[in-house]
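Working notes, structure below.
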Amino acid sequence: FNRGSSAMQHYVATRPMFIDVEIMNADNRLVLGEQGSQANPSNVARGLASLYKEIADTVRKESATIMAVFPSPNEVMAILVQRVLEQRVTALLDKLLRKPSLLHPTPMEEGGLLVYLRMLAVAYEKTQELARDLRAVGCGDLDVEGLTESLFSAHKEEYPEHERASLKQLYQAKMEELRAESLAELGSGTGSIGRSKGASIASNHQQISVTVVTEFVRWNEEAVSRCNIFSSQPSILAANVRAMFTCLLDQVSQYLTEGLERAREGLTEAASLRERFVLGTNISRRVAAAAASAAEAAAAAGESSFRSFMVSVQRCASSVALVQQYFANSISRLLLPVDGAHAASCEEMAAAMSKAESAAHKGLQQCIDTVMAEVERLLSAEQKATDYRSPEDGIVPDHRPTSACTRVVTYLSRVLESAFTALEGLNKQAFLTELGNRLHKLLLSHWQKFTFNPSGGLRLKRDITEYGEFVRSFNAPSIDEHFEVLGILANVFIVAPESLSTLFEGTPSIRKDAQRFIQLRDDYKSAKLAAKLSSLWPSLG
């Protein structure tokens, strides 16, 4: 009768594992733990390994009976294995894998979407192992691998969306955690710090952390490892991996850009403090002293925010290098099966990092403004008219640099130490060249305010040598040249009036600057130098 099909079906249906409710409850307890307890992926992995071994052993024992009793044992084994997967395994997976809503995802307090994804990966891998074991025992013509795949088809359809949503959820939770830490640190302050000295305090509390970026990369590595598990075809794997890597780029770009912007706030606040203490000339000594003290506090805030920004830039560079290394080591080879995917990801990476680079560039400009403002303040406060026009001209020349020059070089050496450490390559070159040009321009403008006699000219030459030696550390030939020319120009204060005409015969290009300097000689009017020079250098008249 129907070639024994009914007998086969009846035999399989009456196996204890399909009708004994206690066996099914025991399956659930073994894998999910006791009712009410929180299942975790590692416990589930152990439970599934144990349960699936028990199932394979049971099927192996049944196989011996079937071989002995039925004339078509392969057909019975196919029915048995199909029933195992469709009934016993499916019942368990339905309880274990509840697909979360993307609109209302599982909250992070309950493990978030990540718990579901980890459970899914564990269940998928263990169930595939079971399928291989059942194939080895024997299951006739049954496509056991295809049937196993079908058990997960509903989960795999939306898998990439869940993975992306999980990465987003992890990022948001991390940002909230960092904000809470920052507020707690600010709240635990004593409140006794002066407002000006604490100008950059807010930017210091949430500095960019390479450890946080490493965490982003670790999340991504885990997501990519699951893509490898769930994506059977190289082209699908490439598409999923690229989607995960794009998530990482978005996270790193946003985190670094916001971190640099926070560090820039410190520089902006220090700048507003400086502007607050620019006073007119008609003020009392008491007000002037208070303003000077406040200006020093603003300078301290500027220096603190400069250092803080340089730390941000350095950590930003380290973070970008980390992402590039991760792409080279783990991502690029997985993208190769799809034409253009590798190049497109490289372009995405460059575009994502350009946002952070733009914030870094703006901040570095502010750093230069901060340094120049302090150099200008020091020169204004320290440089005396007698530095370059000593009443004891010609007696005993002073070969030391002026105190203003010493203060400026000491300040620059101290503050730029962090820039030398933080910046590298073209960023460092561009920053120091711009700074050198601004310093040169500022000094030229500063010296236009003074009158020079010959001993003052020697003193100026000594200052220029000091500045020149310092900027040599910039390794910028154009800046070195600017300061060498300044050293030549300073000779206009030292030579006798009759020698001025021959001073620049070999270097006509600097005559225009020389004429401006000559006008600062203390004998410019008495020696009638204007008339003499206009006849010698008519083109300058």
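The values are calculated or read from the model by the stated rules, or taken from the named source; none is laboratory data. If you're wondering where the values come from, they're calculated on a predicted model, not measured in any experiment. Neighbour counts run over all protein chains shown; Cβ positions are idealised from the backbone, glycine included. Each accessible area value is taken on the protein alone, full model and side chains, heavy atoms only, with ligands, DNA and RNA left out. Shrake-Rupley method; radii C 1.70, N 1.55, O 1.52, S 1.80 Å.
3J(HN,Hα) couplings calculated from phi for segment 168-177 with the Karplus curve 6.51 cos²θ - 1.76 cosθ + 1.60 (θ = phi - 60°) are, in sequence order, 5, 5, 4, 5, 4, 5, 5, 5, 5, 4 Hz; Gly and Pro show x. For Cys346, Cys139, the ranking by accessible surface with the largest value first comes to Cys346, Cys139, using a 1.4 Å probe.
Using the eigenvalues of the Cα gyration tensor, what equivalent ellipsoid semi-axes result for segment 350-437 when each is taken as the square root of five times the eigenvalue, whole Å, largest first?
Numbers: eigenvalues 284, 30, 18 Å².
Largest first, segment 350-437 gives 38, 12, 9 Å.
Translational diffusion coefficient of segment 343-499 (Stokes-Einstein, Kirkwood radius from Cα pairs, 25 °C, 0.890 mPa s): 141 µm²/s.
Normalised per residue, the accessible area of segment 345-426 is 51 Å², obtained with a 1.4 Å probe and no contribution from ligands, DNA or RNA. What the phi angles of segment 481-486 give under the Karplus curve with 6.51, -1.76 and 1.60, with θ = phi - 60°, is a coupling list of 5, 4, 6, 5, 5, 4 Hz, glycine and proline written as x.
Within the full protein context, the accessible area of Arg414 is estimated at about 100 Å² for a probe radius of 1.4 Å. Shape analysis of segment 432-541 yields a ratio of the Cα radius of gyration to the Kirkwood radius, Rg/Rh, of 0.98.
Would you calculate, for the chain, the mean residue ellipticity at 222 nm contributed by helices, counting each DSSP H stretch of 4 or more residues as -39,500 (n - 2.57) and dividing by all residues, to the nearest 500? Provide the component values of the computation, followed by the final result.
On the way: 24 runs with 395 residues, N = 541.
Value at 222 nm, helices only: -24500 deg cm²/dmol.
With K and R counted +1 and D and E -1, the other residues having a Cβ less than 9 Å from that of Ala404 yield a net charge of -1. Rolling a 1.4 Å probe over the protein chains gives Met8 an accessible area of about 10 Å². In this structure the amide hydrogen of Phe452, modeled in the peptide plane, comes within under 5 Å of the amide hydrogens of Arg521, Asp522, none closer than 5 places in sequence on its chain. Solvent-accessible area per residue in segment 24-145 equals 51 Å², computed with a 1.4 angstrom probe and all protein chains kept. Helix 21-32 axis versus longest C-alpha principal axis of the chain: approximately 20°, rounded to the nearest ten.
Per-residue Karplus couplings for segment 321-333, computed as 6.51 cos²θ - 1.76 cosθ + 1.60 with θ equal to phi - 60°, are listed in order as 4, 4, 5, 4, 5, 4, 4, 5, 7, 10, 9, 4, 5 Hz, Gly and Pro entered as x. What percentage of the solvent-accessible surface of the chain, computed with a 1.4 Å probe over protein heavy atoms, is contributed by carbon and sulfur atoms? Carbon-and-sulfur percentage of accessible area, whole number: 53.
With bins 10 Å wide beginning at 0, the percent of Cα pairs of the chain falling in each bin runs 3, 13, 16, 15, 12, 10, 9, 7, 5, 4, 3, 2, 0, 0.
Size descriptors for segment 244-366, from the alpha-carbon set: Rg then Dmax equal 21.5, 77 Å.
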